[in-house]
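Notes for the one structure printed next.
The values are calculated or read from the model by the stated rules, or taken from the named source; none is laboratory data. Quick caveat: nothing in here was measured; it's all calculated off a predicted structure. Using ideal geometry, Cβ is built from the backbone for each residue, glycine included, and neighbour counts are taken over all protein chains shown. The accessibility values were calculated without ligands, DNA or RNA, using every heavy atom of the protein model including side chains. Shrake-Rupley method; radii C 1.70, N 1.55, O 1.52, S 1.80 Å.
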Amino acid sequence: MIEIYTVGVYNSSEETFFKKLTDNKIDTFIDVRQRRGVRGAKYSFVNSIKLQEKLSNLNIRYIHKQDLAPPTEVRDLQKKADIKKSEVKKNREILDDDFKVAFENLILNKFDSESFLQSLKMENSSKIVLFCVEENANACHRSIIAKKIATEFNLKIYNL
């Protein structure tokens, strides 16, 4: 049985971020970002090379699922909604409905979650985490992905 977790990095230190993973015995880390970098030094530990190195040292498998990342035109819908609300990405609490609909239509409707979970099971994954940057899962597309998988397979979602 696979357990599904989500995690963001904003408002976490390097130590607390990786502690969340190890405390929950995460064995597979699934990066669902389009670009695998964060500007500035504060969160440089989740830039692709450093992140993969650290996860390897922790014996956590790293998978980049770029096909689950929102394309630029979908991200632009959320940016427009954020501007309209005068909200910055780091403080966002929920995703805009236009973003959700576009993401589901362009990405999730093509996503074969059954094959995805089967491939994870074949790799002996039991505790997976979906990762993107937003602290609040409901403010990030990873929550939509997690919800689809959880609904289809009657799984509980744990947001770290």
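Of all residues being modelled with pLDDT of 95 or more and farther than 23 Å from Phe111 by Cβ in segment 20-44, which is least open to solvent (accessible area, probe 1.4 Å)? Just the residue, please. First the steps, then the outcome.
Let us first name the residues in segment 20-44 that are modelled with pLDDT of 95 or more, namely 20-32.
Cutting the leftovers down to farther than 23 Å from Phe111 by Cβ gives us 20-25.
Numbers: Lys20: 60, Leu21: 0, Thr22: 62, Asp23: 91, Asn24: 45, Lys25: 138 Å².
Among those residues, the one meeting the criterion is Leu21.
Among (1) surrounded by 15 or more Cβ atoms within 10 Å (Cβ to Cβ); (2) assigned to a helix (DSSP H, G or I), which single condition is Glu135 missing?
Unmet for Glu135, out of (1) surrounded by 15 or more Cβ atoms within 10 Å (Cβ to Cβ); (2) assigned to a helix (DSSP H, G or I): (2).
Out of Lys89, Lys100, I need the residue that is basic (Lys, Arg) and modelled with pLDDT of 90 or more. Which one? Explain how you work it out, then say what you get.
Values: Lys89 fails: modelled with pLDDT of 90 or more.
Residue meeting the stated conditions: Lys100.
Before we move on, is Ser125 closer than 17 Å to Asp31 by Cβ and free of Cβ contacts under 8 Å to residues at least 12 places away in the same chain?
On the way: closer than 17 Å to Asp31 by Cβ: yes; free of Cβ contacts under 8 Å to residues at least 12 places away in the same chain: no.
It is false that Ser125 is closer than 17 Å to Asp31 by Cβ and free of Cβ contacts under 8 Å to residues at least 12 places away in the same chain.
What are the pairs, 6+ residues apart or on separate chains, where a residue within segment 56-79 that is over 19 Å from Lys147 (Cα atoms) and touching a residue at least 40 places away in the same chain (Cβ under 8 Å) has its Cβ under 9 Å from a residue that is surrounded by fewer than 15 Cβ atoms within 10 Å (Cβ to Cβ) and among the hydroxyl-bearing types (Ser, Thr, Tyr)?
Here the result reads Leu58/Thr22, each pair linking segment 56-79 to a residue that is surrounded by fewer than 15 Cβ atoms within 10 Å (Cβ to Cβ) and among the hydroxyl-bearing types (Ser, Thr, Tyr).
I want to confirm something. Restricting to segment 56-107 and keeping residues that are open to solvent by 40 Å² or more (accessible area, probe 1.4 Å), out of contact with any Asp or Glu (no Cβ under 9 Å at 6 or more places or on another chain) and not in a helix (DSSP H, G or I), which single residue is farthest from Val32 (Cα to Cα)?
For segment 56-107, the residue satisfying everything is Ser86.
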